[in-house]
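> I have a structure here, written as C-alpha cells, and I will follow up with some questions on it.
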Amino acid sequence: MLTFLARRLFVMMPTLFFISVLVFVIIQLPPGDFLSTYLNELQAQGEAVDPAKIAFLKQQYGLDQPIWQQYFDWAWGLLHGDLGFSFEYNLPVTEVVGDRLWLSVVLNFSTVLFIYIVSFPIGIYSATRQYSWGDYGFTLLGFLGLAMPNFLFALILLYYANVVFGTSIGGLMDPEFINQGWSFAKVMSVAEHLWAPVLVIGTSGTASMIRRLRANLLDELSKQYVVTAHAKGLSPVRVLFKYPLRMALNPFIADIGNILPQVVSGSVLVSVVMSLPTTGPMLLAALQSQDMYLAGSFLMFLALLTVVGMFVSDLLLAWLDPRIRLQGGVSQ
Amino acid sequence: MTDILRIRDLKVEFVLPHMRVKAVENVSFRIGAQETVALVGESGSGKTTISQAIMGLLPKSAQITNGSIVFADPKKPGTRVDIAMLDRSGAEMRSIRGGRISMIFQEPMSSLSPLHTIGDQICEAVRLHRKVGTGEAKELAREMLELVGFPNPKRSLKTYPFELSGGLRQRAMIAMAMVCRPALLVADEPTTALDVTIQAQTLRLIKDMQSELQMSVLLITHDLGVVANMADRMVVVYDGRVVESGLTHDVFVNPGHLYTQSLLSAVPHFDMGPDERLRPLREIKPKVDSLLTFCGDKDSSGEGDVPPSLALHPAMASEPVLAVRHLYKSFAVRKGNWFKAEEQEIAAVADVSLTINRGECVGLVGESGCGKTTLSKLIMRAMAPDSGSILFRGESGQMTELTGLNEDQLNPYRKRIQFVFQDPFGSLNPRMTVQDIITEPMIIHGIGDTSYRKKMVLELMELVGLDPRFLNRYPHSFSGGQRQRIGIARALSLKPDLLIFDEPTSALDVSVQAQILNLLKDLQRELKLTYMFISHNLAVVDYIADRIAVMCAGRIVESAPREQLFRNPVHPYTQALLNAVPFADLDHLLDFTKIVDGKASDPRRWPAPFTIDAQSDPRMVQFAEDHFVRAARADYQEIAI
C-alpha cells in the first residue's frame, strides 16, 4: 500500500512538469506578447509610444529573454509560491486573483457535492425500480439537464427570479459586500447566492452521474454474487447496500478526477453570464490579452486540481477495492 | 423415511408485458431425508427455474401459478411450510433460505463478491441465521473452511476470492452454504465450470459433507456422469415437464422415456467400439459436392477425381502434415512495483513435440492452464515460440519451417491451418450475415471469383446440414449448435490441410455435442480431413481421436493411440485424470477413495521416474509401440515423437 502511494505521488511530479511546459507553450503560441498587443492597442488609439519605454518595459517584464529562460523563471517562481506578475493589472498575480480563487473553489466544491448528493439516491432509485414511472421521470429530467446548455439555463433562471420573485440572483454576494473584508454577514450572503450557480453548473453533471450510476448498478444487480447474497437469506436492502452498490461505487469515485476540471471549465461561461466573481471570466480575459503569467497560473491551477483529483480518486479506489490494492503491481 | 421436500404440480410462468410464458408445468417430485436427487435436463429445460422456485429466488417477472413446494424441516418435526405461498423476500422465507436450504452455484468465479473477504462472506451467513457473536462466527467459519479442505483455514478467512483458484473458490462457496448446517442443499451445476480432477474432489466433498451433516442434496446437472456417481434418484426434465423419474439405477438400466434414452445414448463413453456411433436427437447427414472434394491426396491427378467417400487407408496416413519439435514458450509475469520488478517466467509450453499425420485426428487433453490453447496458437503462429521448430507441409508438398517466417511469408500457410473456437457465441461477428461470415476467409485470401464463392458457401451450408435459406440471417437467430456448425463451415471454406478445434463442444448440450461430434467424424471421413482436437473432456476425445496426447503444466506427459492410452495409462497424471472422470455408467463408478486432494497436476509431486523439478527434467521415452511417456528411465530409449 505504501509503495502504491509513493508510486502515485512520484508519477504526479513529471505529469505536472509536462503540463506546465504545455501550458507555457500554448500561451506563447499566438504571435506577439502582452506588450505588442498593448502597443497595437495604443497605436490604434493614435497615441505615440516612446521606444525607450517599450525597451524598458520589455526588460522589466523579462520578455526580452529567450523563451526557455522565461519558462524557467516562471516555473521556479511557481515552486516557491510566486505566481508571477500580471501585466494587465500591474499587480502580482496572487493579489489579482485574491478572493476569486477561493470563491471558485467554494463554488466548484459545492457543485461537486451537489452532484453527488443528488445523483446518488436518484441513481439507486432508478436502478432498483427500473422502468417504473419514477425511473422514467428522472430519466426525462436527466435528459433535459444534459441537453440544455448551462448558460441558457442560467439566463432563464435569472429572468424568472427577477420577474417572479423580484430578486437578482446574479453574483455570488450582495453588492454591498464586494471588495469588503470577510465577515459573517458576507459569508451568509455568499451562501445565499451560491445555490443558483451550483444548480446551473451542476445539472448536467448530476444528470450524467445519475445515468452512470443507474447503468453500473443495473449491471451489478444482475451478477451472480448478488444471487448468492440473496440465497444466504439477506434482506434485499442489505444485499443492495453491501454488495452491488459497493461495486457500482468504483466508477463513481474514479470520476472525481474527471468531474473537477469539467466543473471548473464548465463554470467559465456561466460565471460570465451570471457575473460571478470567480476565476473563469478572468482566465478568459487573460488569455485574450496574452497576460501570460495570469493565464498560466490559472491553467496550472486547473491542472493541479485534475491531478490531485485523480490522486484522491485513486487512493479511494485502492481503499475500497481490494483488487486494485492487492493486484496493483501485477501485470501480465 | 420422511420427505424433506415435496413438490406437487408446480407451474411457473414468466409474465411479460404482452404474454405469459410457461417455464415449468406439472412438475412433481420429492426429496427424502439424506437423499440425493438429481434434476437432469439440457439448457432451457426449466431445471434452473425449479431450483429458483425452491429457493424463493425466482426473478420478478416469474410467478408460481399453481402447485406447492412443501418443506418439512427435520429440525422442527411436524411443521410443514409451503414455500410457494411465502413472500419471496419476507422474513420467513429468508430464514429458510440460507439457513435451512442452501444453494451453491455453477460459477465459482462470479458467485462470490470480489470486494469482501471469504471470512466476511461466510461469517455473514452464520450471523444471519444463528445468534452468535463475531468471534464465535469466525470460529465456525474457520471450522467449516477446515472441513471443506482449505489448507490454511485461519489465514484463508482474510483472503479475497480472486486470490484463490477456481477449485478453492467452489470450496469456499460450499463452506458458505454449509456453515448453517442446512437440511437441504441445492447444487446448481456445481462442477460444470471445474476441471475433471477438481470436479471429482468437489463431488467427493459434497458427498462427505452430506453424510457429515446428514442433509439432502438436490443436484441440478446436465452431466449424466455426475448423476450416475452421485444421485440416489433422478428426475429428467424436458421442456418444463418431468418426463421420467425414478431410482438412478432403474433409469440408467431401463430408461422408459424416449428422451431419456436418447440422452443416455448421446453421451460418449469409454467402452465404445471403433464403429459405434453416438445417437444424437437429430442426426446431420453431410452432403459433399464437387467443390469441396478435398486435396487430401496430393498424388491423385486432380481435385475432382477423388471419390468423396473413399475411406482412409492406414497406409495413406503415414505422411505427416505437421511436425512440432521441442517447442518452448514462456510468458513473463511481472510482480512487484516500480522500484523492484520481479520478472517471473512461466513456461506455458515446454518441450512439446507432436506429429499429426494426414487424415488422422490427434486429441490433446489437459486441464485449464496446461498450455493446450497456447500450443494451438503457436501452431497457428498467432504467437511466436521462444524456441523449437514447427514443420508444416505446404502446397509444394515439402515440409516448411514456420518459426522463422514473417507475416508475409506466413500468409500462404494461414489458409492451410484453420481454427474452430470454443465459444460459438463470441466467435461469430453478430453484425455479419452467415453468408458474409463464411465468405470472408475466401475474400481475405483472394480465392475464386464471386460465383465460385457463392457456390462454395452453398455447398458448405449443405455440408454442415444448414438450410441455405438461412444464409442472409445473422448469428443471433441460431442456436449454439447451429452456430458451431457455421464456425465449422467457415473453417472449411479454405479447404485447409489441418483443422484445429479448441473445445468445440464444451459449451453445448450433450445431444448437440453428439450431433457435432458425429458431423466432425463424417466430415473427416468424407473429406479426408486432418484434425487436432483440444478438449478437457476425455470421453469426447476418446470418441473422436485416433491418437491422444495428454498435456500437463506445459508438457506432453503421455501420448498413445486411444485404445492404449485409456486401457493402459502409464503416467500418474493420466491415471489421475482417468480416475477422476465420472462416467455415465453404473458399472464404472468413481472410486472416491482414489481421489486425493492436492495436486495431481503438480509435476514436482509425481513419483520417481516421472518427477519434474529442478533436479530432473525427463524427456519422452518409448513405452510400447506408439506409446510414449515422459519419464526418466535409463532402460527406456529416449525418442522424439
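Only the coordinates and a few stated rules stand behind these numbers; no lab work does. Keep in mind it's a predicted model, so treat the numbers as computed, not measured. Note that each Cβ is placed from the backbone with ideal geometry, even for glycine, and that neighbours are counted across all protein chains shown.
> I want the local charge near A:D314. Using Cβ-Cβ distances under 14 Å, sum +1 for each Lys or Arg and -1 for each Asp or Glu among the other residues. Display every interim value, and only then the final one.
Numbers: positive: A:R7, A:R8, A:R323, A:R325; negative: A:D255, A:D321.
Counting the neighbours of A:D314, the net charge comes to +2.
> Shifting gears a bit: With the contact rule set at Cα under 8 Å and sequence spacing of 6 or more, what percent relative contact order holds for chain B? Present the calculation step by step, with values, prior to reporting the outcome.
Details: 1283 pairs, mean separation 88.8, N = 641.
About 14 percent, as a whole number.
> Using a Gaussian network model of chain A with C-alpha springs under 10 Å, which one of A:D50, A:D321, A:D135 is most mobile by mean-square fluctuation?
A:D50
> Show me, for segment B:111-117, the HN-Hα J-couplings you get by feeding each phi into the Karplus relation (A = 6.51, B = -1.76, C = 1.60, θ = phi - 60°), rounded to Hz, glycine and proline as x.
7, 10, 5, x, 8, 10, 5
> Determine, from the Cβ-Cβ distance of A:L146 and A:N90 and an R0 of 51 Å, the FRET efficiency 1/(1 + (r/R0)^6), rounded to the nearest 0.05.
Values: r = 43 Å, r/R0 = 0.84.
Calculated value: 0.75.
> Here's a follow-up. With each pseudo-label sitting 7 Å past Cα toward Cβ, what's the B:R619-A:Q130 distance in nm, one decimal?
Modelled inter-label distance: 6.0 nm.
> Volume per residue, Å³, of the convex hull around the alpha-carbon atoms of segment A:1-126? Spell out each step's value before the answer.
On the way: hull volume 25.3 nm³, N = 126.
Convex hull volume per residue, Cα atoms: 201 Å³.
> How far apart, in nanometres, would the label points at A:Q43 and B:A384 be if each is projected 7 angstrom from Cα along the Cα-to-Cβ direction?
About 6.2 nm separates the two model spin labels.
> Going by amide H atoms built from the backbone, whose H comes under 5 Å of the H on B:L508, apart from near neighbours?
The answer is none.
> Follow-up question, since we're still on this one. Residue-wise, which Karplus ³J(HN,Hα) couplings in Hz belong to segment B:29-40, taking 6.51 cos²θ - 1.76 cosθ + 1.60, θ = phi - 60°, and x for glycine or proline?
Each residue's phi maps through the Karplus curve to give 6, 9, 10, x, 5, 6, 9, 10, 10, 9, 9, 10 Hz.
> Could you list, in their original order, any pairs among B:K454/B:K521; B:K47/B:K528; B:K22/B:K454; B:K22/B:K372; B:K131/B:K594 whose Cα atoms are separated by more than 31 Å? Please list the in-between numbers first.
Details: B:K454/B:K521 26 Å; B:K47/B:K528 41 Å; B:K22/B:K454 42 Å; B:K22/B:K372 42 Å; B:K131/B:K594 40 Å.
B:K47/B:K528; B:K22/B:K454; B:K22/B:K372; B:K131/B:K594, as the Cα separations exceed 31 Å there.
> Starting from the coordinates of the alpha-carbon atoms of segment B:108-180, obtain the Kirkwood hydrodynamic radius over all distinct pairs and give the value in Å to one decimal.
Values: mean 1/r = 0.0854 Å⁻¹.
Radius from the Kirkwood sum: 11.7 Å.
> Sort B:119-130, B:236-247, A:163-174 for me by packing, meaning the mean count of neighbouring Cβ atoms within 10 Å per residue, highest on top. Numbers along the way, then the final one.
On the way: B:119-130: 21.5, B:236-247: 19.5, A:163-174: 14.4.
Going by the mean number of other Cβ atoms within 10 Å, highest first, we get B:119-130, B:236-247, A:163-174.
> Okay, moving on. Based on the Cβ-Cβ distance of B:R431 and B:S95, what FRET efficiency does E = 1/(1 + (r/R0)^6) give at R0 = 60 Å, to the nearest 0.05?
Working: r = 49 Å, r/R0 = 0.82.
Plugging the Cβ-Cβ distance into 1/(1 + (r/R0)^6) gives 0.75.
> What is the magnitude of the charge dipole of segment B:1-110 about its Cα centre, with +1 placed on the Cβ of each Lys and Arg, -1 on the Cβ of each Asp and Glu, and no other charges, expressed in debye to the nearest 20? Please list the in-between numbers first.
Values: 15 positive and 11 negative charges, 46 e Å.
It works out to roughly 220 debye.
> Counting only complete DSSP H runs, which helices of chain B cover 15 Å or more along their long axis at the Cα atoms and score a mean Kyte-Doolittle of -0.5 or above? Please report the intermediate quantities before stating the final value.
On the way: long enough: B:118-129 (18 Å, 0.22); B:134-147 (20 Å, -0.47); B:166-178 (18 Å, 0.47); B:196-213 (25 Å, 0.01); B:434-444 (16 Å, 1.03); B:450-463 (19 Å, -0.19); B:480-492 (18 Å, -0.41); B:510-527 (25 Å, 0.19).
TM-like helix candidates: B:118-129, B:134-147, B:166-178, B:196-213, B:434-444, B:450-463, B:480-492, B:510-527.
> If you don't mind, another one. Quick one: helix A:184-221 against the long Cα principal axis of chain A, what's the angle to the nearest 10°, folded into 0 to 90?
It is inclined by approximately 50 degrees.
> Angle check, please: helix A:292-320 long axis (alpha carbons) against the longest principal axis of chain A (alpha carbons), in degrees 0 to 90, nearest 10.
It works out to around 20 degrees.
> Sort the following peptides by mean Cβ neighbour count (other Cβ atoms within 10 Å, averaged over residues), highest first: B:422-430, B:54-62, A:242-250.
Details: B:422-430: 16.1, B:54-62: 17.9, A:242-250: 20.6.
Per-residue Cβ counts within 10 Å, averaged per peptide and sorted highest first, yield A:242-250, B:54-62, B:422-430.
> Need one number: % antiparallel among DSSP beta bridges in the protein assembly as shown, to the nearest 5. Numbers along the way, then the final one.
Working: 62 of 98 bridges.
That works out to approximately 65 percent antiparallel.
> Can you quote the Å³ per residue value for the convex hull of the Cα atoms in chain A, rounded to an integer? The partial results should precede the final answer.
Numbers: hull volume 68.1 nm³, N = 332.
That works out to 205 Å³ per residue.
> I would also like to ask the following. Per-residue Cβ counts within 10 Å, from other chains only, averaged over B:90-98: what number is that?
On the way: counts 1, 2, 0, 1, 6, 1, 1, 5, 7.
Mean inter-chain Cβ contacts per residue within 10 Å come to 3.
> With labels modelled as points extended 7 Å from the Cα through the Cβ direction, what inter-label distance (nm, one decimal) is found for A:K58 paired with B:L578?
About 9.4 nm, to one decimal.
> Same structure again: Just need the Rg to Rh number for chain B, please, alpha carbons only, Kirkwood Rh. Each step should come with its number before you reach the end.
Working: Rg = 26.6 Å, Rh = 26.8 Å.
Radius of gyration over Kirkwood radius for chain B works out to 0.99.
> Percentage of Cα-Cα pair distances in segment A:97-288 greater than 30 Å, rounded to whole percent?
Values: 5906 of 18336 pairs.
So the portion of pairs separated by more than 30 Å is 32 percent.
> To continue, here is another question. Rg to Rh for the protein assembly as shown: what is it, with Cα atoms only and Rh by Kirkwood? Provide the component values of the computation, followed by the final result.
Numbers: Rg = 35.7 Å, Rh = 33.8 Å.
Computed over Cα atoms, the ratio is 1.06.
> How many angstrom lie between the C-alpha centres of segment A:282-302 and segment B:194-245?
Each part reduced to its Cα centre gives a spacing of 72 Å.
> Let me ask something additional. What length, rounded to one decimal in nm, is gained on full extension from A:Q69 through to A:T3, with 0.36 nm per residue of separation minus their alpha-carbon distance?
Between A:Q69 and A:T3, full extension yields 20.2 nm more.
> Can you tell me how much longer the chain between B:E401 and B:D239 gets when fully stretched, taken as 0.36 nm per residue apart minus their C-alpha distance, in nm with one decimal? Don't jump to the answer; show the numbers that get you there.
Numbers: separation 162, 0.36 × 162 = 58.32 nm, distance 5.28 nm.
Once the chain is fully extended between B:E401 and B:D239, it gains 53.0 nm.
> Compute the distance from the alpha-carbon center of segment B:346-375 to that of segment B:18-69, in whole Å.
Each part's Cα centre sits 42 Å from the other's.
> While we're looking at this one, here's another question. Amide H to amide H under 5 Å from B:G363: which residues, 5+ apart in sequence or cross-chain, H placed 1.01 Å off N in plane?
B:F533, B:D546, B:R547, B:I548, B:A549
> Expressed as a whole percent, how much of the Cα-Cα distance distribution for segment A:1-49 exceeds 16 Å? If you can, show how the numbers build up before the last one.
Details: 744 of 1176 pairs.
Tail fraction, whole percent: 63.
> Provide a whole-number value for the mean count of partner chain Cβ atoms within 10 Å of the Cβ atoms in peptide B:214-220.
0
> Can I ask one more? If you find the alpha carbon centre of segment B:485-536 and of segment B:140-193, how far apart are they in angstrom?
If you average the Cα positions of each part, the centres end up 37 Å apart.
> With angles folded into 0 to 90 degrees, how steeply does helix A:133-147 sit against the dominant principal axis of chain A? Use alpha carbons for both and round to 10.
Between the helix axis and the principal axis of chain A, the angle is about 20 degrees.
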